[in-house]
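Everything below concerns the one structure shown next.
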Amino acid sequence: MTYPFDSLPANLAAFCDVLRDHRFRIGPRELQDAARALEITELFDERAVRNVLRPVLAGTFAEVHAFDRIFDRFFLRPAAVPAPATAAPAKTIADQAPPSGDPDLGRGAATDGDTAEEAAERGESQGAVQDVADAEGESTVALLRASYSPLDAEGAVLDLEPADRPWREAAAMLVSRVRAGRSRRWRPAARGPRFDLRRTLRSSLHTGGEVLSPRWQSRPRRRPRFVLLIDGSRSMATHTWPALQTAVGLAAVTLNTETFSFSTALRRITRDVRRAAGGERRLLQLHHAWGGGTAIGTCLREFLRLFGERLLGRDTLVMIASDGLDVGDPAVLRDAMAGISRQAAGIVWLNPLLGTPGYEPTALGMRIARPYVTTFASVTEPADLARLARVLRIR
Amino acid sequence: MSAAAALQASFRERGFIVDDAFATALQLVLALRKPLLVEGPAGVGKTESAKVLADVLGTRLIRLQCYEGLDALTALYEWNYPRQMLRIRMSEGEGESLQQREAQIFSEEFLLKRPLLEAIVQHEAPVLLIDEVDRADEAFEAFLLEVLAEWQVTIPELGTIRAQHPPHVILTSNRTRELSDALRRRCLFFWIPYPSLEQEIAILHARIPELSERLAAQIARSMQVLRGLPLQKAPGVAESLDWARAIINLHRDHLDLQVLEQTLGCVLKVREDHEVLDSHRDELQPVLDGPGSLQPGGHSLDTDFGLGSVSQPRK
C-alpha cells in the first residue's frame, strides 16, 4: 500500500477531505472515530484498512459504493490525488509537494457520494434516474427530442413563484379532502376508545384511587402524502405553470409533498418547490427534462423503482399532470400505472386538454392510463383545484 | 488471527457466514462502542446477525421491534397501573400523605422495564437489537438519538438511570423511509448486499448440511437469475433456505421444472412476480438443465433492487 503523505494523521485527514469533496458528511467526530478504528487494525493490510474505515466514514448505500472507488484512487494511485481543498489538513502537509490533480477526483465529479434521489434532484446526466434514458439508448432519446423539439429547449428556465393565497386555500381544501387512515400511535384525547391509565391514575390520586374523571386516548389520523409528477415535455410547455403552482400550493400546506418532472427522464424538483412554497422566488433550470418528447411509461417505471416503496402507500395521492402524448412502449406505461394504482390511494390525472371543447382522451397514453385513474381533471386556476377537491375520488 | 477473523470464525461455527468486511464492522461495534446501522434488502440476515453476535459474546439479546406509532414509553418503561391501583385501595385509611402515597407507588417495584431501559440496567453489556428502525416515526427516532448518545434515562418519579455497561447496539433498516442524518452520524454503517454465488452456496451448506452439492449450486444460481429480474419482491437468503428445505422435504436432490413449479411459492411471494418469471423462464432454463456446477464469475449484484439509491440502470 502506498501513501500520498508521510504521516498517518495527514493521510487520514487528506483522505477525509477528498471524501468531503464528494459530499460525504464527515465531521470531527467521524475523523476521530476513523483514527480510533485504525488503531485496532493492521495497517499493512490494505483490505483491513478499507474495512475499518468504510463503516465509519460511509453512512449511506451510495457512499459505500463511492467509498471504494475513492479509496483506490487515493491510496493506490496517489499521484491522482488533488491538493486538499480545506485549510486544516493543508497545514499538516504543508511541507509536502502537492500531488498533481486528477479531474476525476475534483469537485466536478462530486456525484459519487450522492444518492440517486439527489442526482435526480439536480437532473444530472450522471444520476441514476437520467441513466434510464441512457440505458434506452442515446439514439432513441435523440430521436424523441428531434420529433418533439424542433427548437432546442434544453436551456429553458421556468419561473417558480410562491403560491398566492387562492392557490394555497385551494390546496388546503384538497389536503383536507384526503382522509388518511388512523395512526397506530395513541394520543391523549377528550374522548376515545382507550382508557389512558397513566393520566387517569394521576388524576385519581387526589380521590384516594377513586376514578371520578377518567382520561381517554385515541389514534390521530395520519397526514396524507401527495406525489406530483409533472410532464415537462414541449407539448406541455404552456400548461406546466398551473401544475407547478398546484405543487407549490400543496407544499405550502403540507410537508408531505413530493414533486417530480419528467419527459425523457425523471427529475426530482421537491427542493425547488419547497423553497418556492417558503416564499422564495426560484428560477428552475429545466435542462432537457423539459425539452424532449415524453416517455411517460419509462419515467413512471423509474419513479416506481426508485421512490415507489418509500413514497407510495394507502395515504398517498398521486397526481400526474400530462397530456398523455407518450412515445414510449405502451406495455411499460400500463405496467407502471398498474404498479402505482396498486400502491397508492388514488391517481389524479391532470390533463390540460380536458377543458378544450370536443376533446376526447384518445391519445395512446391516455387510453392506457384511463383504467387506473380515479379522477380526471384540468387545473388551470385555483378555482379548478378547489373543484377537484370536491369531486376527488380515492379508494 | 485478528479479532475480526476470530469473530468471523465464531459466526461460521454458528452457521452464519459473514465476510471480513462485516466481521470488521462488528468488531468496530465492540471496539468503538458505537451503534451499527445495518441496511440491505429484506432477508439477507440483518436481524439474525444481532442474534448470532449475542450468542458469540455469550450475552443477552434484547430486541426492540419498531413499528409505526411506537412511542418512548412503550420502548422505555411503563408503570404497572393495575398494581398501583390495588396498592392505593389497600393503603386507604392508613393515614399516609399524598406525597408518601406517591413515593410508594412510583417506586421501582411498580416499574415495568421495556427493552431500552432493560438494556441500560444490565450488569453485563447486552446486544440491543433495534429492528426495522425505519418503521418508527421521526419523533421516536429523535428520542432514540438522545438515548444512544447519553445512555441514560430520566424517569421523573425515580430520577436518572445511567448505564454502567452500555449495550452493543445493532439497528436494522429496510429503507421504507429515509433515516435522519443525525441518526446516521451517530452510527457506524454497513450495507449487506445479496450474497455472491459462492457465499450463498456456503450459507446453504452451513445452515442445511444435508443439502447436496448440486442442489445447493442450482438454488444459488437460480437466485442470482431471479434477483436480476424486475421483481417486486426479490428473494433473499431466507427464501433460499426455505426453498432448499422445501425441496429436501419433497425428497428431491435436484431442481427441475416440476420441482420449480411445486416450490415456487417459497421464493416468489407476489402474484405479479410469477408473471415476470413466466416471461423470463428461458433465463432459468440453463440452471434447470445443467448440472448446477459452480460457474466462475459469480458475484454480488451491484444493486439494492428498488430500495432506492440504485446507481446502475436495470437492463
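Every number in this text was worked out from the coordinates using simple rules, so none of it is lab data. Bear in mind the structure is a predicted one, so any value in this text is a computation, not a measurement. Methodologically, a virtual Cβ is constructed for each residue, glycine included, from the backbone with ideal geometry; neighbour enumeration extends over all protein chains shown.
Taken about its Cα centre, the range A:295-348 carries a charge dipole of about 220 debye when Lys and Arg each add +1 at the Cβ and Asp and Glu each add -1 at the Cβ.
For chain B, what mean projected area does the convex hull of the alpha carbons give, in nm²? Show your work: numbers first, answer last.
On the way: hull surface 81.8 nm².
For chain B, averaging the hull's shadow over all directions gives 20.5 nm².
Counting only Cβ charges, +1 for Lys and Arg and -1 for Asp and Glu, the dipole size of chain B around its Cα centre is about 400 debye.
Residues B:203, A:230, arranged from fewest to most other Cβ atoms within 10 angstrom of their Cβ, appear as B:203, A:230. Annotation for the range A:1-75: chymotrypsin sites (Phe, Trp or Tyr not before Pro) lying in DSSP loop with at most 12 further Cβ atoms inside 10 Å of their Cβ are A:44.
Using the C-alpha gyration tensor of the range B:1-70, what are the square roots of 5 times its eigenvalues, in whole angstrom, with the largest one first? Spell out each step's value before the answer.
Working: eigenvalues 92, 36, 31 Å².
Value: 22, 13, 13 Å, ordered largest first.
Peptide A:202-208 shows a mean partner chain C-beta count of 3 within 10 Å per residue C-beta. With a 10 Å cut-off between alpha carbons and a GNM built on chain B, which of B:14, B:101, B:186 moves the most? Top of the fluctuation ranking is B:101.
In this structure the amide hydrogen of residue A:225, modeled in the peptide plane, comes within under 5 Å of the amide hydrogens of A:316, A:317, none closer than 5 places in sequence on its chain. Taken residue by residue and averaged, Cβ atoms of other chains lying within 10 Å of the Cβ of B:175-185 number 3.
When only C-alpha pairs under 8 Å and at least 6 residues apart count, what is the relative contact order of chain B, in percent?
On the way: 469 pairs, mean separation 69.5, N = 315.
Value for chain B: 22 percent.
Amide H to amide H, with H built 1.01 Å from N, residue A:320 comes under 5 Å of A:229, A:348, A:349, A:350, counting only residues 5 or more places away or on other chains.
Quick check: from the Cα gyration tensor, does the range B:1-40 come out rounded (a/c under 1.5), prolate or oblate? Here the range B:1-40 falls in the oblate category.
Lysine pairs in chain B with Cα distance under 26 Å, only those 8 or more apart or on different chains: how many are there? So the count of such lysine pairs works out to 12.
Peptide A:60-67 is shielded by partner chain Cβ atoms: per residue, an average of 6 of them sit within 10 Å of its Cβ.
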